[in-house]
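Worksheet: one structure, shown below.
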Amino acid sequence: MVFILDLAKIGSRCKLLQKGMICRMTQTARPIAILTVLLVSLVLTSGSKAQSVPLDSIQGLQARNVEIKPMAYQGRKAIQVMPTAESDSSAAPGSGGGGIVILPRLAFHNGTIELDVVGKPRAGAPGDARGFVGLAFRANADASKYECVYIRPTNGRADDQLRRNHSTQYCSYPDYEWRRLRTESPGKYESYVDLQPGEWTKLKVEVSGLTMKLYVNGASQPALIVNDLKMGDAQGSVALWVGLGTEAYFANLRVTAAR
């Protein structure tokens, strides 16, 4: 792309050629032109607010009801996250159990969150464990409330169609657990998507106001759309999330704020 600046008013003479632009400028015009280009560049770069976290270290992470450690999984550096034994054993029915890992430096309102996840039932997990793994966003100051979207990897290719239809899930903790949402609005806050437990899955979450869209494995269309986020048009922290009986891995987190 070629940008052409009209510098006639500051004493320049420019000739547009087929393969670009050659400018003949007076000594007075040249510094002004350079300053103009620098200012344009500054404006363009300042509009990008992407923050990347490789998730190959636990430094600065705040674990709540989970155990975390850096380790490689299928040749990729990652963070392993598993609920503590106490968290799994004390989980209330319908709560999903588990816990979160807060990234306190990532403030989030609207924009996009992308990350790679692995979820599978951990050794000795109860029979209803599904490898629950996902992310929380807009968490309040003490992380007692947050929006959450996650996947159930073992449901993706289950022989039972009803289980397949429960492959993705939106919740809002603590007031809107998955069981309440399923009871009050069957099928509205969960959906089918193809998944495999123990395999890397790419998640992308787009948030704008009261709307959230979940994209899985680079799909052009969302697997799940929520148009009434229960915390309203809030803002807060981003966190990794795991549920009952899960062994999870996280890598390559990228948060991009909306312009």
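Whenever a residue of the range 180-191 is assigned by TED's automatic domain parsing to the domain that holds ASN165, its partners that are at pLDDT below 95, lying with C-beta atoms within less than 8 angstrom and at least six residues away or across chains, give the pairs ARG180/GLY94. Screening PRO153 against (1) on the phi < 0 side of the Ramachandran plot; (2) over 18 Å from the mean Cα position of the chain (by Cα) leaves a single unmet condition, (2).
Pairing each residue of the range 237-258 that is over 16 Å from GLN51 (Cα atoms) with any residue that is in a loop (DSSP other than H, G, I, E, B) and among the charged types (D, E, K, R), provided the two are 6+ apart or on different chains, yields C-beta distances under 7 Å for GLY245/ARG122; THR246/ARG122; GLU247/ARG122.
Taking the numbered list (1) touching a Cys at 6+ places or on another chain (Cβ under 9 Å); (2) of a type in the set (Asp, Glu); (3) more than 26 Å from VAL207 (Cα to Cα) in turn, GLU86 passes all entries but (1).
Evaluating ASP194 against the criteria (1) within 19 Å of GLN221 (Cα to Cα); (2) assigned to a strand (DSSP E or B) leaves one unmet condition, (2).
Does LEU240 satisfy the criteria of being under 22 Å from TRP178 (Cα atoms), assigned by TED's automatic domain parsing to the domain that holds ALA63, within 16 Å of the chain's Cα centre (by Cα) and in a strand (DSSP E or B)?
Working: under 22 Å from TRP178 (Cα atoms): yes; assigned by TED's automatic domain parsing to the domain that holds ALA63: yes; within 16 Å of the chain's Cα centre (by Cα): yes; in a strand (DSSP E or B): yes.
Yes, satisfied.
Here is a yes/no grid of residues against (1) in the same structural domain as ASN140 (by TED's automatic domain parsing); (2) modelled with pLDDT under 95; (3) assigned to a strand (DSSP E or B):
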position: GLY198; (1), (2), (3): yes, no, no
position: TYR215; (1), (2), (3): yes, no, yes
position: GLY218; (1), (2), (3): yes, no, no
position: ILE225; (1), (2), (3): yes, no, yes
position: LEU229; (1), (2), (3): yes, no, no
position: ASP233; (1), (2), (3): yes, no, no
position: LEU244; (1), (2), (3): yes, yes, no
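As a summary of the residue check, TYR192 satisfies the conditions (1) surrounded by fewer than 21 Cβ atoms within 10 Å (Cβ to Cβ); (2) more than 17 Å from the chain's Cα centre (by Cα); (3) closer than 24 Å to ALA258 by Cβ except for the one numbered (3).
The values are calculated or read from the model by the stated rules, or taken from the named source; none is laboratory data. No experiment lies behind these values; they were computed from the predicted model shown. Note that we place each Cβ from the backbone using ideal geometry, even for glycine, and neighbour counts take in every protein chain shown.
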